[in-house]
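Since the structure comes first, as structure tokens, the remarks are kept for the end.
What follows is calculated from the coordinates using simple rules that are stated; it is not laboratory data. Not measured: the values here are computed from a predicted model. Cβ coordinates were reconstructed from backbone atoms using ideal geometry, including for glycine residues, and neighbour counts include every protein chain displayed.
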Amino acid sequence: MAKEEDKDAGSKAQSSWKDFIYDPRNGQFLGRTASSWALILLFYLVFYGFLAGLFTFTMWVMLQTLDDYVPKYRDRVSSPGLMISPKGTSGIDIVYNRSENSTYEMHVKKLHSFLAAYNDSRQTKNEVCNSGVYFDQENDHTEKKACRFNRTMLGECSGISDPTFGYPKGNPCVLVKMNRIIGLKPEGNPFINCTTKKEDSVQLQYFPEFGKIDLMYFPYFGKKIHVNYVQPVVAIKIIPTFNGTTEEIFLECKVQGSPNLKNEDDRDKFLGRDRKST
């Protein structure tokens with residue numbers, strides 16, 4: 001008797017599960033009729049369609065407030081940071097042995113790659129501008145002209161007369177440039193100045209002379225319409241005065257001579273950067 005009761009209970013349980021999945025008497029699937037399922041699907045279709053439409057409308061309204069050519073918010077970037085090239089494998093430190101080509105070949109390649117845009121053949125399409133004067137242009141969305149910055153202006157650090165940039169001689173060149181900021185107009189006579197911890201251990205040569213950053217390369221109008229623009233570069237040739245075979249040289253380069261360009265900010269390490277050359 002007990003076995004028959006167990007069989008009846010198992011049969012009823014199996015029948016109830018089948019009826020829940022599909023009940024042919026009421027035409028229900030998973031406990032709902034076709035009309036009930038249709039109403040639920042219609043509700044969620046309208047609900048998620050409304051959310052998608054609201055999201056799309058919100059994004060469209062936000063995009064209407066943006067300019068394709070100029071960032072909307074620029075008040076937090078008042079002064080450009082400085083970038084130095086080449087970069088070593090361990091950040092901004094350069095470590096090399098002048099008697100081993102393999103230790104500095106990477107740096108030489110990076111410098112040639114960086115300066116490719118400054119080749120005289122590519123700069124011929126840019127304008128010869130008046131030194132010391134802003135190159136102002138109409139503030140519209142037409143393509144802007146750019147002032148010419150020839151690679152030969154970097155003298156011994158141009159990589160033309162000396163393709164190795166002085167690395168095998170122990171007199172390496174580094175390049176310093178300011179980051180681009182749309183509409184920036186430096187005041188005064190900005191220039192790059194580098195200092196070392198041991199002033200008597202190294203001599204520095206600047207190209208262009210005195211590390212000058214000419215005002216004619218400002219303002220910058222943005223990558224989209226200032227297509228051929230290249231920012232001015234200052235090359236520093238490091239000439240150690242010591243006779244040792246191993247030595248560390250720490251350089252800190254900053255923008256000076258311009259009252260509206262900050263070079264001291266504890267929150268921005270790129271306003272002044274240390275450089276180590278071994």
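List of remarks:
- Violating pairs (Cα-Cα greater than 20 angstrom) within the set LYS109/LYS177; LYS87/LYS223; LYS144/LYS212; LYS125/LYS223: LYS87/LYS223; LYS144/LYS212
- Label-to-label distance, nm, for residues given as LYS72 and LYS198 (7 Å Cα→Cβ offset): 5.4
- Net length available on complete extension from LYS223 to ASN189 is 9.7 nm, with 0.36 nm assigned per residue and the Cα-Cα distance removed.
- Each peptide among 149-157, 230-238 gets the average number of other Cβ atoms lying within 10 Å of its residues, and from highest to lowest they stand as 230-238, 149-157.
- A crude spin-label estimate for the pair ASN179 and LYS109, with each label 7 Å from Cα along the Cβ direction, gives 2.7 nm.
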